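Here the structure is laid out as structure tokens; the discussion comes afterwards.
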């Protein structure tokens, strides 16, 4: 495979570890820009050489402060250049990175610290330190805190505090760091990534160097073989503490010599996309849903002609008939060109993962000229298992064929099993759970249900544990129904319930703009009237569902599902057990005195 500027990709099957991969690429790229952050004056870059110097300096400083091979270091930060530098430096020093979500509470941090036994922590801001420090004081194992920004810690007592900039200034050489990293093997533990989980306490997934190297090798082949490798640009938005962004948004760009821009946040993401003009971006379905709503509203405000063009684009088949080609050319020159420009104008692919993408949402963007690749994976598989590929034929109700090097089979009960170097070495300090997840033959039991289509593409039905079994024994996949509900303009979020019940009910969050417009048009109205208005949207969905999938009654959520209130995971999946604990009695009440 040929990478940008004619340089060869490192032979990932032979690369001993992630640190060696980085230093190999840094030596080739030298002063070329690598990591970009937004400053007051605009986007500012660090070169590959500058990043290598900082990684070497921090690795030496960590070793000088007593970090031993295998020691764990907690990393708490938003996406920024220092995240990547710290991650690589921890590994280069022989340590194990333990990424933590910026949304973690003190209790969350305490669980991760106590379970991992982390001996040091690196934190980015004063606000994040405010939640981390109490957990450090309680855990007792973490004896040193390193801050990226200027911050006041106060009387820490049981741990020492230092600034990251001071450690960067300590003497070290890249050559010494490269030599030291050569001792790391593919089987050595690289990071402990705690799965956010839709239920129960997070578990530490033991990802070894070879797991991530193997995974990104399969991803790099898709870029190279299906699109052609060029001077790739990634926009990093999803949390780097999540396995999806950690592998696909950090180590994949390193492997192919790409540039990484760090987005400023959700509120500025659209502007960042237009400024950065990325070629590859990894996203979650929730982001597609938000962007779809914004695109539709923007087009509707432009008048009847743009709205007509949008309708025509959505109605046109993927392969237009001869008499439809003039219309296809018109759409390419108008609405598709404008939408592509809003995504920077050179986007090769938007890769969706982390949760199921509603096929209708995918077709919306595909109709507007963007390439959407839905993938599937799990943290336990480092994480990509399969991905749609243009050469294999993109079918948006599938998640594509397995990536190179990943073996997949379907068990008798429909469960998806995978095997390969990408599979974790197990859960940290959880032998029983590891034995349940990985059988003696090395197959990872994903807990997901699916099948392979005639072209070898994987179709996900649902999660084993999320499948609703009604009182008649019928199985219902709630995520499919929820996805259809949230496509309605009135509904922004939904959770379906009905296990061991005669029919389904739903908890819904109204779209705030729709709700405000409805209130203005209706005048004073109680919640019952609002529920009736929303039920009309639910009935539109019911018309397309089988009898066992229909939603008979709904209640309104008190507030949106967010990571802050614990009702969404950091990858924006619904935490069903949290919502059931909060709304269970009200959902159960929908079955009492019902006329169904």
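The values are calculated or read from the model by the stated rules, or taken from the named source; none is laboratory data. Just so you know, these numbers come straight off a predicted model, no measurement behind them. Neighbour counts run over all protein chains shown; Cβ positions are idealised from the backbone, glycine included.
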If residue 516 satisfies all but one of (1) loosely packed, with under 13 Cβ neighbours inside 10 Å; (2) more than 27 Å from the chain's Cα centre (by Cα); (3) in a loop (DSSP other than H, G, I, E, B); (4) at pLDDT 90 or above, what's the number of the condition it fails? (3)
I'm checking my understanding of the structure. Among residues of segment 297-348 that are free of Cβ contacts under 8 Å to residues at least 12 places away in the same chain and assigned to a loop (DSSP other than H, G, I, E, B), which one is farthest from the chain's Cα centre (by Cα)? 321
Determine whether segment 259-280 contains at least one residue that is modelled with pLDDT of 90 or more, under 18 Å from the mean Cα position of the chain (by Cα) and at positive phi. yes
Test for residue 291: is it in contact with a helix residue (DSSP H, G or I) (Cβ under 6 Å, 6 or more places away or on another chain) and assigned to a helix (DSSP H, G or I): no
Which residues, counting only those in segment 426-464, are part of a strand (DSSP E or B) and over 18 Å from residue 205 (Cα atoms)? 449, 450, 451, 452, 458, 459, 460, 461, 462, 463
Could you go through segment 239-248 and let me know if any residue there is part of a strand (DSSP E or B), touching a helix residue (DSSP H, G or I) at 6+ places or on another chain (Cβ under 7 Å) and either within 25 Å of residue 86 (Cβ to Cβ) or without any contact (Cβ under 8 Å) to a residue 12 or more places away in the chain (or both). no
Show me the strands (runs of 3 or more DSSP E) found entirely inside segment 74-176 where at least 1 residues are in the same structural domain as residue 187 (by TED's automatic domain parsing) and touching a helix residue (DSSP H, G or I) at 6+ places or on another chain (Cβ under 6 Å). 96-100, 120-123, 144-147
Kindly evaluate residue 144 against the criterion of being surrounded by fewer than 21 Cβ atoms within 10 Å (Cβ to Cβ), in contact with a strand residue (DSSP E or B) (Cβ under 6 Å, 6 or more places away or on another chain), modelled with pLDDT of 95 or more and closer than 23 Å to residue 37 by Cα. no
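If you scan segment 484-501, which residues turn out to be in a loop (DSSP other than H, G, I, E, B) and either closer than 19 Å to residue 557 by Cβ or at pLDDT 85 or above (or both)?
Result: 486, 487, 488, 489, 490, 498, 499, 501.
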Of (1) farther than 27 Å from residue 288 by Cβ; (2) in contact (Cβ under 8 Å) with a residue 60 or more places away in the chain, residue 175 satisfies every one except (2)
If residue 201 passes every condition in (1) within 18 Å of the chain's Cα centre (by Cα); (2) in a loop (DSSP other than H, G, I, E, B); (3) in the same structural domain as residue 109 (by TED's automatic domain parsing) but one, which one does it miss? (1)
Can you tell me which of 448, 453, 439 is in contact (Cβ under 8 Å) with a residue 24 or more places away in the chain, touching a strand residue (DSSP E or B) at 6+ places or on another chain (Cβ under 8 Å) and over 20 Å from residue 354 (Cα atoms)? 453
What tally of residues in segment 267-288 results from selecting those that are closer than 21 Å to residue 346 by Cβ and assigned to a helix (DSSP H, G or I)? 11
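To keep it simple, each residue is scored yes or no on (1) touching a helix residue (DSSP H, G or I) at 6+ places or on another chain (Cβ under 7 Å); (2) surrounded by fewer than 17 Cβ atoms within 10 Å (Cβ to Cβ); (3) on the phi > 0 side of the Ramachandran plot; (4) in contact (Cβ under 8 Å) with a residue 40 or more places away in the chain.
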| residue | (1), (2), (3), (4) |
| --- | --- |
| 486 | yes, no, no, yes |
| 491 | yes, no, no, yes |
| 520 | no, yes, no, no |
| 532 | no, yes, no, no |
| 549 | yes, no, no, yes |
| 554 | yes, no, no, yes |
| 562 | no, yes, no, no |
| 591 | no, yes, no, yes |
For the list (1) in the same structural domain as residue 577 (by TED's automatic domain parsing); (2) part of a strand (DSSP E or B), I need the number of the one condition that residue 481 fails. (2)
